[in-house]
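Bear in mind that the values in this text are calculations on the coordinates, not laboratory data. This structure is a prediction, so every number in the text was calculated from the model and none was measured. A quick note on method: Cβ atoms are made from the backbone with ideal geometry, for glycine too, and the neighbour counts reach across all protein chains shown.
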Amino acid sequence: MAAPIAVIDFETTGMAPAQGARATEVAIVLMEGEQVVDRFDSLMRTGVTIPPFIEQLTGISNAMLATAPPAEAVMREAARFVGSAPMVAHNAAFDSKFWQSELQHAGLAAPQPFACTVLLSRRVFPDAPSHSLGRITDHLGLPRTGRAHRALADAEMAAALLARMQRELCQRFGVPWPDHALLMQLQRCARQSIGKLLDRLSTGAAHTS
DNA sequence: TGCCAGGCCCTCTTTAGGGCCTT
């Protein structure tokens with residue numbers, strides 16, 4: 001059985017915690033192999049006002065957050081849900097910063113490594129017209145599981161994309177089912193070196209390099 | 001809607017510039 005991987009997505013009030021943005025919703029999909037085995041999803045209340053543009057984009061309103069549980073409690077539960085599983089997000093540079101920031105607000109550490117489905121998608125599907133979550137989902141014919149820009153729907157789509165890429169690596173390149181460490185290695189690999197890396201993956205040599 | 005940021009990637013690059021991707 002493949003080790004579990006946690007696919008996460010945040011909805012937020014802005015682009016960066018350093019600018020005062022806070023999370024408004026978090027969703028986590030736990031995957032074993034290509035199977036979704038569990039889900040976590042919650043709105044979270046931080047006291048920060050959602051700008052009108054973000055309200056329109058996500059459908060998450062200030063009124064909805066008024067009755068949401070406090071962010072610290074949600075993040076404690078999210079951290080328990082993830083446990084020690086390594087994490088994946090679509091544009092991980094964004095979600096990992098909010099994961100670290102919101103856990104820090106709750107007094108918790110964020111030790112997990114993040115793999116990024118944007119970087120991986122650019123490697124596995126270099127000819128795709130776009131690697132935004134919605135467009136790569138449509139391009140590959142993957143199901144849309146709910147309203148885009150809601151955390152659970154986006155996390156489900158990112159999980160489906162991850163599973164599709166893992167299957168592609170198995171079928172197209174003959175590599176064993178890639179674990180999180182190999183995905184991290186693949187996403188960092190320069191495009192020109194993909195062939196060599198996949199050869200090493202197929203023989204298992206990448207595990208020891 | 002598009003700006004704000006930041007990391008990554010590609011090319012007309014490499015002591016840089018511009019586009020993508022996230023809310």
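Quick check on my filter: what residues within region A:128-147 are over 17 Å from the mean Cα position of the chain (by Cα) and more than 11 Å from DNA strand B (Cβ to nearest atom)?
A:Asp138, A:Leu140, A:Gly141
Pick out the one residue from A:Leu186, A:Leu133, A:Leu197, A:Leu120 that is in contact with a His (Cβ under 6 Å, 6 or more places away or on another chain), crowded, with 18+ Cβ neighbours inside 10 Å and more than 21 Å from A:Val37 (Cα to Cα).
A:Leu133
Being within 16 Å of the chain's Cα centre (by Cα), more than 23 Å from A:Met184 (Cβ to Cβ), hydrophobic (A, V, I, L, M, F, W, C) and within 13 Å of DNA strand B (Cβ to nearest atom) is the requirement here; does A:Ala89 meet it?
no
Working carefully through the options A:Ala85, A:Ala89, find the one that is buried (at least 21 other Cβ atoms within 10 Å of the Cβ) and in contact (Cβ under 8 Å) with a residue 60 or more places away in the chain.
A:Ala89
Grab the strands (runs of 3 or more DSSP E) fully contained in region A:1-58, keeping just those with 3 or more residues being over 13 Å from the mean Cα position of the chain (by Cα) and in contact (Cβ under 8 Å) with a residue 12 or more places away in the chain.
Where strands (runs of 3 or more DSSP E) fall fully within region A:1-58 and carry at least 3 residues being over 13 Å from the mean Cα position of the chain (by Cα) and in contact (Cβ under 8 Å) with a residue 12 or more places away in the chain, they are A:23-32, A:35-43.
Test of understanding: among A:Arg123, A:Arg172, A:Arg167, A:Arg147, which residue is in contact with an Asp or Glu (Cβ under 7 Å, 6 or more places away or on another chain) and not aromatic (Phe, Trp, Tyr)?
A:Arg167
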